[in-house]
1. Out of all the residues in region 66-75, is one or more part of a helix (DSSP H, G or I), modelled with pLDDT of 95 or more and hydrophobic (A, V, I, L, M, F, W, C)?
2. Restricting the first residue to region 48-77 and requiring it to be without any contact (Cβ under 8 Å) to a residue 24 or more places away in the chain and open to solvent by 80 Å² or more (accessible area, probe 1.4 Å), which pairs with a second residue that is in a helix (DSSP H, G or I) and of a type outside the set (Lys, Arg) meet a Cβ separation below 7 Å and a spacing of at least six or different chains?
3. Which one is farthest from GLU85 (Cα to Cα), of the residues in region 11-42 that are open to solvent by 80 Å² or more (accessible area, probe 1.4 Å) and within 14 Å of the chain's Cα centre (by Cα)?
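The values are calculated or read from the model by the stated rules, or taken from the named source; none is laboratory data. This one's a predicted model, so the numbers in the text were calculated from it and none came from an experiment. Note that each Cβ is placed from the backbone with ideal geometry, even for glycine, and that neighbours are counted across all protein chains shown. Just so you know, the surface numbers come from the protein's heavy atoms only, side chains and all, with ligands and any DNA or RNA stripped out. Shrake-Rupley method; radii C 1.70, N 1.55, O 1.52, S 1.80 Å.
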Amino acid sequence: MSTRAPNEAELDALMARLAEGDRAAFAPLFQALHPRAVRVARLRVDPHKAMDVAQTAMLKVFSRASEFEPGRPVLPWFYAVVANEVRAVTRGAMVRAQVPL
C-alpha cells in the first residue's frame, strides 16, 4: 500500500508545525523532502557526495526550522538550504583542488 506524497500546502503546514516546535512533523517532512534534496545534489556535486549533501541539508532544515516563517511557502526556503549546502561542498572541493600537495 503506497501513500501519496504531500502537496505543497501540506508541506507548508508540516514545516510550520516544525518551526513552532512540533518535532513529530519532521519525519513526514523528511520523507517528502529528502528525495528532492538528493535529486538537486546529484545535479550539482559528485554522485558519491550527493547523499551526504542531501543528509546535511536535511539536518540544517531541522536545526534551522525556527528561522522558517509559518505562512510562507517551504519549497523556496528548502531549496535555498540545499543550494547553500551544495555551494559549501563545491567551494570546499575548489579550495582542496588549489592546495598544492
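1. Taking every residue of region 66-75 in turn, at least one turns out to be part of a helix (DSSP H, G or I), modelled with pLDDT of 95 or more and hydrophobic (A, V, I, L, M, F, W, C).
2. MET51/VAL38
3. GLN31
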